[in-house]
Amino acid sequence: MQAATMDPAEEPPSMLWGLDPIFSAFARLYVRDILQMTESIQVPGIYFYNSHPIYKVDVLGTVVYKREREDFFCYGVDDGTGVINCLCWKNDLLKEEGRPTKAEGKHSGGAQGGFNLVAELEKLRQAQNSRCHLEIGELLRVRGPVKTSRQQREISASVYYKVNDPVMAVQIAWMMEVPQLYRQCYDKLLELQPSATSDSAISSLSKATNIIKDFLKQKSVTRFRPYDVQDLLQPLMSSQPQTASADQPVAGPSVCQQLRQLLKEALQILQDEGVVYRKVKSQDEVYYVTAQDKDLLMAVKDIIREDSKREKYAAKGCHILHILSAVRQRYSLNVSKAALELVLQSLECDSDIVSTSDSHYTVF
(Lines give C-alpha, C1' and ligand atoms only; values in the text may rest on other atoms or scores of the structure.)
Protein backbone atom coordinates (compact mmCIF):
# COMPACT_ATOMS: atom_id res chain seq x y z
CA MET A 1 0.00 0.00 0.00
CA GLN A 2 1.09 3.58 -0.56
CA ALA A 3 1.39 5.33 2.82
CA ALA A 4 -0.90 8.35 2.91
CA THR A 5 0.41 11.47 4.57
CA MET A 6 -1.52 14.18 6.36
CA ASP A 7 -1.83 17.72 5.08
CA PRO A 8 0.69 19.82 7.07
CA ALA A 9 -1.94 22.55 7.51
CA GLU A 10 -4.30 20.09 9.24
CA GLU A 11 -1.69 18.31 11.34
CA PRO A 12 -1.47 19.59 14.94
CA PRO A 13 1.99 20.56 16.25
CA SER A 14 3.90 17.62 17.69
CA MET A 15 4.44 19.45 20.99
CA LEU A 16 0.67 19.18 21.60
CA TRP A 17 0.31 15.45 20.91
CA GLY A 18 0.85 14.53 24.55
CA LEU A 19 -2.38 16.37 25.44
CA ASP A 20 -4.30 13.55 23.76
CA PRO A 21 -4.57 10.57 26.17
CA ILE A 22 -4.92 8.20 23.20
CA PHE A 23 -1.35 9.05 22.19
CA SER A 24 0.05 7.25 25.27
CA ALA A 25 -2.27 4.23 25.03
CA PHE A 26 -2.47 1.15 22.84
CA ALA A 27 -5.37 2.17 20.59
CA ARG A 28 -7.87 -0.64 19.98
CA LEU A 29 -8.60 0.24 16.38
CA TYR A 30 -10.07 -1.93 13.65
CA VAL A 31 -7.49 -3.28 11.21
CA ARG A 32 -9.28 -1.43 8.41
CA ASP A 33 -8.62 1.89 10.15
CA ILE A 34 -5.00 0.99 10.95
CA LEU A 35 -4.35 0.35 7.27
CA GLN A 36 -6.03 3.62 6.25
CA MET A 37 -4.46 5.93 8.86
CA THR A 38 -2.50 8.88 7.47
CA GLU A 39 1.16 9.24 8.41
CA SER A 40 2.60 12.33 10.06
CA ILE A 41 4.75 14.75 8.06
CA GLN A 42 6.57 15.94 11.19
CA VAL A 43 7.49 12.56 12.72
CA PRO A 44 7.56 9.39 10.58
CA GLY A 45 6.03 6.45 12.40
CA ILE A 46 3.24 8.54 13.92
CA TYR A 47 -0.18 8.17 12.36
CA PHE A 48 -3.47 10.03 12.64
CA TYR A 49 -6.98 8.68 13.02
CA ASN A 50 -9.55 11.50 13.11
CA SER A 51 -6.78 13.92 14.21
CA HIS A 52 -5.75 11.63 17.10
CA PRO A 53 -1.98 10.92 17.00
CA ILE A 54 -1.34 7.17 17.24
CA TYR A 55 1.78 5.06 17.11
CA LYS A 56 0.89 1.86 18.98
CA VAL A 57 -2.20 -0.34 18.70
CA ASP A 58 -3.91 -3.33 20.27
CA VAL A 59 -5.44 -5.93 17.93
CA LEU A 60 -7.34 -9.19 18.43
CA GLY A 61 -7.92 -11.41 15.43
CA THR A 62 -7.63 -14.77 13.72
CA VAL A 63 -4.38 -15.96 12.16
CA VAL A 64 -4.98 -16.42 8.42
CA TYR A 65 -1.36 -17.01 7.36
CA LYS A 66 2.01 -17.49 9.03
CA ARG A 67 5.67 -17.36 8.15
CA GLU A 68 8.56 -18.29 10.43
CA ARG A 69 12.17 -17.17 10.31
CA GLU A 70 15.06 -17.71 12.68
CA ASP A 71 14.41 -14.49 14.60
CA PHE A 72 10.68 -13.85 14.19
CA PHE A 73 7.21 -15.09 13.29
CA CYS A 74 5.10 -13.17 10.79
CA TYR A 75 1.38 -13.69 11.34
CA GLY A 76 -1.43 -12.33 9.20
CA VAL A 77 -4.20 -11.27 11.59
CA ASP A 78 -7.81 -10.82 10.46
CA ASP A 79 -10.25 -9.05 12.80
CA GLY A 80 -13.15 -9.11 10.34
CA THR A 81 -12.43 -5.68 8.84
CA GLY A 82 -9.07 -6.40 7.22
CA VAL A 83 -5.79 -8.30 7.45
CA ILE A 84 -2.54 -6.88 8.78
CA ASN A 85 0.96 -8.31 9.11
CA CYS A 86 2.20 -8.75 12.69
CA LEU A 87 5.96 -9.10 13.10
CA CYS A 88 6.47 -11.09 16.32
CA TRP A 89 10.10 -11.32 17.41
CA LYS A 90 11.35 -14.46 19.16
CA ASN A 91 12.97 -14.18 22.55
CA ASP A 92 16.05 -16.17 23.57
CA LEU A 93 14.00 -19.11 24.89
CA LEU A 94 12.23 -19.52 21.56
CA LYS A 95 15.49 -19.28 19.63
CA GLU A 96 17.00 -22.03 21.75
CA GLU A 97 14.04 -24.34 21.22
CA GLY A 98 15.23 -27.85 20.52
CA ARG A 99 18.68 -27.27 22.04
CA PRO A 100 19.49 -29.36 25.16
CA THR A 101 19.78 -27.41 28.39
CA LYS A 102 23.25 -27.26 29.91
CA ALA A 103 22.32 -29.15 33.04
CA GLU A 104 20.15 -31.68 31.23
CA GLY A 105 21.17 -35.28 31.91
CA LYS A 106 23.33 -34.39 34.90
CA HIS A 107 20.61 -33.03 37.15
CA SER A 108 17.50 -34.17 35.29
CA GLY A 109 16.67 -36.79 37.90
CA GLY A 110 16.81 -34.65 41.01
CA ALA A 111 15.83 -35.82 44.43
CA GLN A 112 12.95 -38.22 44.73
CA GLY A 113 9.82 -36.13 45.23
CA GLY A 114 11.91 -32.95 45.41
CA PHE A 115 11.82 -29.74 43.38
CA ASN A 116 13.57 -30.07 40.02
CA LEU A 117 14.56 -26.61 38.81
CA VAL A 118 15.57 -27.78 35.34
CA ALA A 119 12.31 -29.64 34.82
CA GLU A 120 10.25 -26.67 35.98
CA LEU A 121 12.14 -24.33 33.65
CA GLU A 122 11.52 -26.75 30.81
CA LYS A 123 7.79 -26.75 31.60
CA LEU A 124 7.83 -22.96 31.62
CA ARG A 125 9.56 -22.86 28.25
CA GLN A 126 7.08 -25.33 26.76
CA ALA A 127 4.16 -23.28 28.07
CA GLN A 128 5.65 -20.13 26.56
CA ASN A 129 6.27 -21.89 23.26
CA SER A 130 2.65 -23.04 23.11
CA ARG A 131 1.43 -19.44 23.59
CA CYS A 132 3.77 -18.04 20.91
CA HIS A 133 3.46 -20.75 18.24
CA LEU A 134 0.14 -20.23 16.48
CA GLU A 135 -1.47 -22.10 13.64
CA ILE A 136 -3.88 -20.82 11.03
CA GLY A 137 -7.33 -20.38 12.56
CA GLU A 138 -6.12 -19.65 16.09
CA LEU A 139 -6.82 -16.40 17.94
CA LEU A 140 -3.95 -13.92 18.45
CA ARG A 141 -3.73 -10.84 20.70
CA VAL A 142 -0.94 -8.47 19.64
CA ARG A 143 0.22 -5.08 20.90
CA GLY A 144 2.90 -2.87 19.45
CA PRO A 145 3.85 0.15 17.32
CA VAL A 146 2.65 0.53 13.76
CA LYS A 147 5.32 0.49 11.05
CA THR A 148 5.36 0.97 7.29
CA SER A 149 7.91 -1.35 5.70
CA ARG A 150 8.28 -1.70 1.92
CA GLN A 151 5.03 0.25 1.51
CA GLN A 152 3.31 -2.36 3.71
CA ARG A 153 1.57 -1.35 6.96
CA GLU A 154 2.38 -3.79 9.78
CA ILE A 155 2.54 -4.12 13.58
CA SER A 156 5.90 -4.69 15.23
CA ALA A 157 4.72 -6.67 18.24
CA SER A 158 6.03 -5.83 21.68
CA VAL A 159 3.58 -8.31 23.27
CA TYR A 160 1.76 -11.18 21.57
CA TYR A 161 0.16 -14.43 22.67
CA LYS A 162 -2.38 -17.05 21.68
CA VAL A 163 -5.83 -16.55 23.21
CA ASN A 164 -7.72 -19.63 24.32
CA ASP A 165 -11.36 -18.75 23.72
CA PRO A 166 -13.42 -21.94 23.34
CA VAL A 167 -16.79 -20.28 24.00
CA MET A 168 -15.86 -16.96 22.28
CA ALA A 169 -16.20 -14.99 25.53
CA VAL A 170 -13.09 -12.93 24.82
CA GLN A 171 -14.16 -12.13 21.25
CA ILE A 172 -17.67 -11.12 22.31
CA ALA A 173 -16.32 -8.85 25.06
CA TRP A 174 -13.92 -7.31 22.53
CA MET A 175 -16.71 -6.71 20.00
CA MET A 176 -18.78 -5.00 22.69
CA GLU A 177 -15.96 -2.80 23.97
CA VAL A 178 -14.35 -1.53 20.76
CA PRO A 179 -17.47 0.21 19.34
CA GLN A 180 -17.85 1.98 22.70
CA LEU A 181 -14.24 3.20 22.48
CA TYR A 182 -14.91 4.51 18.99
CA ARG A 183 -18.02 6.39 20.13
CA GLN A 184 -16.49 7.80 23.30
CA CYS A 185 -12.90 8.45 22.16
CA TYR A 186 -11.68 7.74 18.64
CA ASP A 187 -14.56 9.26 16.66
CA LYS A 188 -14.60 12.43 18.76
CA LEU A 189 -12.50 15.15 17.15
CA LEU A 190 -9.93 16.45 19.63
CA GLU A 191 -9.01 20.09 19.23
CA LEU A 192 -5.35 20.43 20.25
CA GLN A 193 -4.88 23.92 18.81
CA PRO A 194 -4.83 26.72 21.43
CA SER A 195 -8.09 28.66 21.52
CA ALA A 196 -8.23 32.40 21.05
CA THR A 197 -10.60 32.68 24.02
CA SER A 198 -8.97 33.82 27.23
CA ASP A 199 -8.23 31.26 29.93
CA SER A 200 -10.47 33.06 32.42
CA ALA A 201 -13.47 32.95 30.06
CA ILE A 202 -12.93 29.24 29.37
CA SER A 203 -12.64 28.57 33.09
CA SER A 204 -15.87 30.45 33.89
CA LEU A 205 -17.79 28.71 31.10
CA SER A 206 -16.50 25.31 32.18
CA LYS A 207 -17.44 26.01 35.80
CA ALA A 208 -20.90 27.21 34.76
CA THR A 209 -21.52 24.06 32.71
CA ASN A 210 -20.43 21.80 35.57
CA ILE A 211 -22.57 23.70 38.08
CA ILE A 212 -25.69 23.19 35.97
CA LYS A 213 -24.84 19.51 35.36
CA ASP A 214 -24.41 18.89 39.10
CA PHE A 215 -27.68 20.64 39.86
CA LEU A 216 -29.62 18.59 37.30
CA LYS A 217 -28.11 15.35 38.59
CA GLN A 218 -28.53 16.01 42.31
CA LYS A 219 -32.11 17.27 42.02
CA SER A 220 -33.14 14.71 39.35
CA VAL A 221 -34.58 17.55 37.29
CA THR A 222 -36.69 16.48 34.32
CA ARG A 223 -37.16 19.94 32.77
CA PHE A 224 -36.34 23.53 33.61
CA ARG A 225 -36.27 27.10 32.33
CA PRO A 226 -33.18 29.33 32.18
CA TYR A 227 -34.26 31.46 35.15
CA ASP A 228 -34.44 28.29 37.28
CA VAL A 229 -30.66 27.88 37.09
CA GLN A 230 -29.51 31.46 36.51
CA ASP A 231 -28.96 32.22 40.21
CA LEU A 232 -26.63 29.21 40.47
CA LEU A 233 -24.09 31.08 38.32
CA GLN A 234 -24.20 34.30 40.33
CA PRO A 235 -21.05 33.45 42.39
CA LEU A 236 -19.07 33.25 39.16
CA MET A 237 -19.93 36.85 38.40
CA SER A 238 -18.82 38.11 41.83
CA SER A 239 -15.40 36.53 41.23
CA GLN A 240 -14.84 38.44 37.98
CA PRO A 241 -12.10 41.12 38.26
CA GLN A 242 -13.23 44.75 38.22
CA THR A 243 -10.93 47.21 36.43
CA ALA A 244 -12.77 50.51 36.83
CA SER A 245 -11.79 53.28 39.21
CA ALA A 246 -14.18 55.05 41.59
CA ASP A 247 -14.78 57.99 39.25
CA GLN A 248 -14.79 56.03 35.98
CA PRO A 249 -17.49 53.38 35.43
CA VAL A 250 -16.79 50.11 33.67
CA ALA A 251 -17.40 50.21 29.94
CA GLY A 252 -19.14 47.23 28.41
CA PRO A 253 -21.97 44.90 29.39
CA SER A 254 -23.41 44.96 32.89
CA VAL A 255 -23.10 42.09 35.35
CA CYS A 256 -26.65 40.96 34.55
CA GLN A 257 -25.90 40.92 30.83
CA GLN A 258 -22.69 38.95 31.44
CA LEU A 259 -24.62 36.47 33.57
CA ARG A 260 -27.26 35.95 30.89
CA GLN A 261 -24.57 35.53 28.23
CA LEU A 262 -22.69 33.00 30.37
CA LEU A 263 -25.91 31.07 30.98
CA LYS A 264 -26.73 31.10 27.26
CA GLU A 265 -23.30 29.72 26.34
CA ALA A 266 -23.43 27.07 29.07
CA LEU A 267 -26.88 25.88 27.92
CA GLN A 268 -25.63 25.73 24.33
CA ILE A 269 -22.75 23.49 25.41
CA LEU A 270 -25.17 21.22 27.26
CA GLN A 271 -27.31 21.00 24.12
CA ASP A 272 -24.24 20.22 21.98
CA GLU A 273 -23.32 17.43 24.39
CA GLY A 274 -26.88 16.10 24.34
CA VAL A 275 -27.37 16.55 28.09
CA VAL A 276 -30.42 18.75 27.52
CA TYR A 277 -32.66 19.53 24.56
CA ARG A 278 -35.71 21.62 23.73
CA LYS A 279 -38.70 19.51 22.71
CA VAL A 280 -40.48 22.52 21.21
CA LYS A 281 -38.71 25.75 20.29
CA SER A 282 -40.86 28.69 21.37
CA GLN A 283 -40.56 31.92 23.32
CA ASP A 284 -41.07 29.93 26.50
CA GLU A 285 -37.63 28.30 26.76
CA VAL A 286 -38.16 24.88 28.32
CA TYR A 287 -35.19 22.51 28.43
CA TYR A 288 -35.68 18.77 28.94
CA VAL A 289 -32.97 16.70 30.65
CA THR A 290 -32.23 13.86 28.25
CA ALA A 291 -31.38 11.20 30.83
CA GLN A 292 -34.55 11.97 32.86
CA ASP A 293 -37.00 12.18 29.94
CA LYS A 294 -38.84 8.86 30.29
CA ASP A 295 -41.07 9.66 27.31
CA LEU A 296 -38.04 10.05 25.04
CA LEU A 297 -36.48 6.81 26.29
CA MET A 298 -39.76 4.97 25.73
CA ALA A 299 -40.15 6.46 22.24
CA VAL A 300 -36.66 5.36 21.21
CA LYS A 301 -37.18 1.88 22.64
CA ASP A 302 -40.52 1.51 20.81
CA ILE A 303 -38.98 2.61 17.52
CA ILE A 304 -36.17 0.06 17.78
CA ARG A 305 -38.54 -2.72 18.84
CA GLU A 306 -41.00 -2.05 16.02
CA ASP A 307 -38.52 -1.42 13.20
CA SER A 308 -36.27 -4.36 14.14
CA LYS A 309 -39.13 -6.65 13.11
CA ARG A 310 -38.96 -5.31 9.55
CA GLU A 311 -37.05 -7.46 7.09
CA LYS A 312 -34.71 -4.58 6.23
CA TYR A 313 -33.42 -4.31 9.82
CA ALA A 314 -33.85 -7.88 11.02
CA ALA A 315 -30.23 -8.92 10.48
CA LYS A 316 -28.17 -6.01 11.85
CA GLY A 317 -30.76 -3.91 13.65
CA CYS A 318 -31.56 -0.23 13.17
CA HIS A 319 -28.81 2.24 12.33
CA ILE A 320 -28.49 5.26 14.61
CA LEU A 321 -29.31 7.66 11.75
CA HIS A 322 -32.52 5.75 11.01
CA ILE A 323 -33.46 5.90 14.70
CA LEU A 324 -32.70 9.63 14.78
CA SER A 325 -34.88 10.26 11.74
CA ALA A 326 -37.75 8.25 13.23
CA VAL A 327 -37.48 10.03 16.60
CA ARG A 328 -37.61 13.43 14.90
CA GLN A 329 -40.70 12.38 12.90
CA ARG A 330 -42.62 10.75 15.75
CA TYR A 331 -41.45 12.60 18.86
CA SER A 332 -39.55 15.89 18.41
CA LEU A 333 -37.72 17.60 15.58
CA ASN A 334 -35.18 19.03 18.01
CA VAL A 335 -33.61 15.82 19.31
CA SER A 336 -29.92 15.94 18.41
CA LYS A 337 -27.68 13.00 17.58
CA ALA A 338 -25.71 13.62 20.79
CA ALA A 339 -28.91 13.39 22.84
CA LEU A 340 -29.93 10.21 21.06
CA GLU A 341 -26.52 8.65 21.78
CA LEU A 342 -27.04 9.28 25.50
CA VAL A 343 -30.48 7.67 25.31
CA LEU A 344 -29.12 4.63 23.46
CA GLN A 345 -26.30 4.29 25.97
CA SER A 346 -28.79 4.42 28.85
CA LEU A 347 -31.08 1.83 27.25
CA GLU A 348 -28.11 -0.45 26.53
CA CYS A 349 -26.87 -0.18 30.13
CA ASP A 350 -30.36 -1.22 31.29
CA SER A 351 -30.29 -4.17 28.83
CA ASP A 352 -33.37 -2.85 27.02
CA ILE A 353 -31.48 -2.84 23.71
CA VAL A 354 -28.18 -4.22 22.40
CA SER A 355 -25.72 -2.91 19.81
CA THR A 356 -25.28 -5.59 17.14
CA SER A 357 -22.44 -3.75 15.38
CA ASP A 358 -21.07 -0.25 15.16
CA SER A 359 -24.05 2.18 15.24
CA HIS A 360 -26.69 -0.56 14.85
CA TYR A 361 -29.17 -1.45 17.61
CA THR A 362 -31.86 -4.05 18.21
CA VAL A 363 -33.90 -5.46 21.09
CA PHE A 364 -33.24 -8.73 22.88
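The values are calculated or read from the model by the stated rules, or taken from the named source; none is laboratory data. These numbers come from a predicted model, not from an experiment. Cβ placement follows ideal geometry from the backbone for every residue including glycine, while neighbour counts extend to all protein chains displayed. What goes into the accessible areas is simple: the full protein's heavy atoms, side chains included, and nothing from ligands, DNA or RNA. Shrake-Rupley method; radii C 1.70, N 1.55, O 1.52, S 1.80 Å.
Summary table
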{"item": "Two-site FRET efficiency, K281 against K316, from Cβ-Cβ distance with R₀ of 35 Å, rounded to 0.05", "result": "0.55"}
{"item": "Accessible area in the full protein assembly, largest first, 1.4 Å probe, for C349, C256, C74", "result": "C349, C256, C74"}
{"item": "Label-point gap, in nm, between T148 and Q126 - each point 7 angstrom along Cα→Cβ", "result": "4.6"}
{"item": "Theoretical gain in end-to-end length, N91 to S203 [0.36 nm per residue, Cα-Cα removed]", "result": "35.2 nm"}
{"item": "Gain in span if fully extended, L19 to S346, counting 0.36 nm per residue against the direct Cα distance", "result": "114.8 nm"}
{"item": "Efficiency of FRET between N116 and Q42 - r from beta-carbon atoms, R0 56 angstrom, step 0.05", "result": "0.50"}
{"item": "Set of lysines with alpha-carbon distance to K188 below 17 Å, sequence-local pairs under 8 removed", "result": "K337"}
{"item": "Centre separation in Å (Cα based) which lies between the range 305-364 and the range 128-170", "result": "34"}
{"item": "With DNA, RNA and ligands ignored, accessible area of R225 (1.4 Å probe; Å², nearest 10)", "result": "80"}
{"item": "Debye equation applied to the C-alpha atoms of the range 119-177, log10 I(q)/I(0) at 0.16, 0.17 Å⁻¹", "result": "-0.71, -0.78"}
{"item": "Within the range 281-316: backbone nitrogen closer than 19 Å to the K219 label point (7 Å, Cα to C-beta)", "result": "284-294"}
{"item": "Accessible surface of R141 - all protein chains present, 1.4 Å probe, nearest 10 Å²", "result": "40"}
{"item": "Interchain or long-range residues, amide H under 5 Å from V163's placed H", "result": "L139, L140, R141"}
